[in-house]
Amino acid sequence: MAAERRWQAAAGLYGRLLRIYEEGRESIPERPYLFETDVEICLIGGSCKSPIERFWNGSSVYILQKARHNEESDPMEESKMDDAVYDSELLPKESSGPVALSVSRAKQLISLYTMVQNPNMTHLKISELVVLPPLWIRCDGSDPEHTCWLGAEPLKAGNKITGINFYMVTCDGPTADKTHFANLEELKMAHKKKHHSSIVGFYGFAQYELMRAAAIEDTIVESESNISVDITWNTVDKVLETPPLISAATLNIALESGDPRSPVYQLYRELQFLLSLAEGLKTGVTEWPEPLESESAVELVREFLTDLKRKLDGYCISGNNNETEKIKCDTAAVDSSIKSIFSERGDLDFAEQLWCKMRSVSSYQELIECFTLIIKSLEHGEIQPWIHQGSSSLLSKLIQQSYHGKIEVISLSGITPIQILLEIGLDKMKKDYVSFFIGQELATLTYLDYFISTSVDLQEQVHRVQKLHHMLEIMVSCTVLLQFKHENLFPLTQICMKYYKENPLNEKHVFQLPIRPALVKKFYQNDHPEIWKVDISSAHGQKEAKTTWQVSTNPPVEHMTSNNTGLFSDSTVNGSSEERMYFITMAQCSQVHFT
């Protein structure tokens with residue numbers, strides 16, 4: 001009876017995995033699937049980030065973990081519904097952190113998976129055996145080895161399954177006691193003995209953080225921004241060795257806009273005002289930001305118009321530098337270290353200068369008063385402002401009409417004043433970003449056309465300007481923090497622009513740039529790595545056997561934290577907390593061949 005129940009469980013798991021696999025061919029499901037009331041199955045594939053990428057490389061994989069039920073659902077009732085592969089009573093993938101299964105339960109599931117992938121198990125009556133994706137199971141570390149992952153992957157010869165590759169990942173720590181660290185020679189001998197191999201290769205990997213959230217006075221800036229470098233090399237001589245300069249390196253950049261320390265922070269605030277106008281245009285409700293100027297927008301606009309009238313009347317002395325500076329836009333309080341690559345433009349037209357005055361608008365009524373002053377000045381011919389060619393904004397059309405002595409009557413009511421201000425702000429900020437990228441020879445106008453196109457609606461134009469700002473922040477950060485030159489900024493710009501031509505704004509996206517380690521060595525050579533690992537490998541292809549030893553400052557698996565009693569400790573060397581604390585992870589594999 002026990003054997004029969006085991007066969008039924010294996011057949012049930014195979015049926016469930018097969019249906020998930022077939023449905024996943026069209027699109028990766030958003031919700032997990034239930035198996036035997038206590039296990040949920042997620043299919044990971046495509047562009048999804050794999051939780052086991054540090055220990056296994058592959059395109060599609062099942063992840064099994066403990067089921068997280070909605071409190072109101074009845075898992076026993078749902079389990080009876082054989083056709084309900086898509087289980088609505090389970091929480092979505094992103095709803096909460098993953099929960100691990102016990103190691104004993106994980107071993108049972110691995111055993112069932114192995115049975116149904118073994119072509120010799122004919123008594124299971126599987127009509128046509130399908131090679132399923134590899135299966136990995138989150139484990140709670142309850143065994144003496146502190147196992148955190150168990151995995152199984154079919155070995156194939158053509159379309160025939162010839163065996164199974166088993167994986168085991170264990171974890172301990174965190175600890176600063178280096179006596180717990182592995183000895184490279186011992187790892188090598190253990191690998192050779194286990195896999196009966198005389199030739200092994202050593203492959204190193206290290207990750208260093210180049211930018212961390214720093215303190216401003218007594219405050220920590222909350223930010224997800226991070227710049228790190230991944231370095232890989234061959235021929236490892238000792239544990240935790242610094243990578244040689246002949247290594248391959250990849251820079252990882254994830255940057256959130258809006259850091260007050262950024263040299264372009266004032267431009268970011270300007271963008272936020274633009275976004276609030278776009279939101280007001282869409283919803284009818286505008287949240288007016290805190291004024292950027294001490295004077296009211298109405299006073300600034302009135303003074304600006306008075307200056308223009310005096311110039312038209314011939315009272316302004318040409319070459320008055322103070323007067324010129326007064327009407328120039330103070331877009332960004334640019335840090336001295338960045339002035340050479342990002343500075344305010346000197347060719348601001350009337351509409352752009354007007355935007356700079358009206359960024360301090362603090363109410364809808366104030367907005368109407370400003371535009372009333374401007375339109376009256378145009379109607380009476382008191383000013384004859386110049387504007388850049390190519391602008392299609394409503395204000396530009398009124399200015400062009402004023403050259404001929406008559407402008408159309410517009411109603412300053414509803415969303416019209418907001419739209420007018422949004423249009424001139426969009427025009428101005430687009431030119432700011434274009435000026436930077438072209439001025440630094442990072443892009444051509446043709447390549448920038450997608451980001452500044454007026455053929456899409458205003459909301460989409462604003463979205464694309466946000467993309468331009470995010471790319472600007474990345475370039476400025478790499479210039480200021482890493483002292484990047486044009487030879488590095490140019491390929492990074494191309495990578496960012498290619499991504500943003502195909503994807504929506506995503507400030508959590510990690511942009512990757514291949515670099516030479518020497519470019520950033522001074523930032524990490526005296527620092528501790530965030531991750532350091534060595535892969536010991538023998539054979540190739542499906543016969544490859546690999547042992548991985550890794551230390552990391554963060555838990556290597558998301559379902560285990562330092563709160564796991566009995567698994568992680570707070571040990572330090574000689575009571576000192578200055579030593580870097582590391583989690584120690586070991587990944588091993590073994591193969592079973594079907595005869």
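The values are calculated or read from the model by the stated rules, or taken from the named source; none is laboratory data. Because the structure is predicted, anything quoted here is derived from the model rather than measured. So basically every Cβ, Gly included, is an ideal-geometry build from the backbone, and we count neighbours across all protein chains shown. All accessible areas refer to the heavy atoms of the entire protein, side chains included, with ligands and DNA or RNA removed. Shrake-Rupley method; radii C 1.70, N 1.55, O 1.52, S 1.80 Å.
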Quiz item: If you average the sequence gap of Cα pairs under 8 Å that are 6 or more apart and divide by the length of the range 517-563, what percent do you get for the contact order?
Solution: 30
Exercise. With the full set of protein chains in place, find how many percent of the accessible area of the range 356-433 is carbon and sulfur; take the probe as 1.4 Å.
Key: 50
Practice problem: Quick one: which residues, 5 or more positions from residue 149 or on another chain, have an amide H under 5 Å from its amide H? H modelled 1.01 Å from N in the peptide plane, none for Pro or chain starts. | Solution: 139, 169
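For 180, 123, 191, give the ranking by accessible area with the largest first, probe 1.4 Å. Walk me through the numbers on the way to the answer.
On the way: 180 115, 123 75, 191 5 Å².
From most accessible down to least: 180, 123, 191.
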Self-check item: Length added when fully stretched, residue 25-residue 180, from 0.36 nm per residue minus Cα-Cα
Solution: 51.4 nm
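Can you divide the C-alpha Rg of the range 1-41 by 2.2 N^0.38 Å and report the result to two decimal places?
Values: Rg = 12.1 Å, N = 41, 2.2 N^0.38 = 9.0 Å.
So the Cα radius of gyration is 1.34 times the expected 2.2 N^0.38 Å.
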Exercise. Pop out the ³J(HN,Hα) list for the range 503-514 in order, Karplus 6.51 cos²θ - 1.76 cosθ + 1.60 with θ = phi - 60°, rounded to Hz; leave Gly and Pro as x.
Key: 9, x, 4, 8, 6, 9, 5, 9, 7, 10, 10, x
Quiz item: Which FRET efficiency value, to the nearest 0.05, is calculated for residue 224 and residue 486 with the Förster distance at 30 angstrom and r the Cβ-Cβ distance?
Solution: 0.60
Quiz prompt | Nitroxide proxy distance, nm - points 7 Å out along Cα→Cβ at residue 130 and residue 394 | solution = 5.7
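Relative to the present Cα-Cα distance, how much length would full extension add between residue 234 and residue 5 at 0.36 nm per residue of separation? The partial results should precede the final answer.
On the way: separation 229, 0.36 × 229 = 82.44 nm, distance 4.92 nm.
In short, 77.5 nm is gained.
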Quiz item: Efficiency by 1/(1 + (r/R0)^6): what FRET value for residue 403 and residue 364, r their Cβ-Cβ distance, R0 = 30 Å, to the nearest 0.05?
Solution: 0.50
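FRET efficiency for residue 591 and residue 104, Cβ-Cβ distance as r, R0 = 22 Å, nearest 0.05? Can you show the working numbers first?
Details: r = 23 Å, r/R0 = 1.04.
The pair residue 591/residue 104 has a calculated efficiency of 0.45.
Counting pairs of alpha carbon atoms under 8 Å apart in space and at least six apart in sequence, what relative contact order in percent does the range 358-483 give? Working shown, then result.
Details: 66 pairs, mean separation 22.6, N = 126.
The normalised contact order for the range 358-483 reaches 18 percent.
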Exercise. Using θ = phi - 60° and the Karplus relation 6.51 cos²θ - 1.76 cosθ + 1.60, list the HN-Hα couplings for the range 466-472 in order, rounded to whole Hz, with x at every Gly or Pro.
Key: 4, 4, 4, 5, 4, 5, 4
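Compute the length gained on full extension between residue 347 and residue 445: take 0.36 nm times their separation in residues and subtract their Cα-Cα distance, giving the result in nm to one decimal. All intermediate terms of the calculation are to be shown ahead of the outcome.
Numbers: separation 98, 0.36 × 98 = 35.28 nm, distance 1.75 nm.
Roughly 33.5 nm would be gained on extension.
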Quiz item: Roughly how many nanometres apart are two label points built 7 Å out from the Cα toward the Cβ at residue 544 and residue 512?
Solution: 1.5
Practice problem: Could you run the Karplus curve 6.51 cos²θ - 1.76 cosθ + 1.60 with θ = phi - 60° over the range 263-280 and give me ³J(HN,Hα) per residue in whole Hz, x for Gly and Pro? | Solution: x, 10, 5, 5, 5, 4, 5, 5, 5, 4, 5, 4, 5, 5, 5, 4, 5, x
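Around residue 38, with a cut-off of 11 angstrom between Cβ atoms, what is the net charge of the other residues, counting Lys and Arg +1 and Asp and Glu -1? Could the numbers behind the result be given before it?
Working: positive: 66, 68, 105; negative: 36, 40.
After counting each charged neighbour, the total is +1.
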Self-check item: Environment charge of residue 513, counting only residues whose C-beta is closer than 15 Å and scoring Lys/Arg +1, Asp/Glu -1
Solution: +1
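I need the peptides 279-288, 98-107 ranked by packing, meaning the mean over residues of other C-beta atoms within 10 angstrom, with the highest value on top. Don't skip to the answer; put the middle values down first.
Numbers: 279-288: 13.9, 98-107: 18.6.
Highest to lowest by the protection proxy: 98-107, 279-288.
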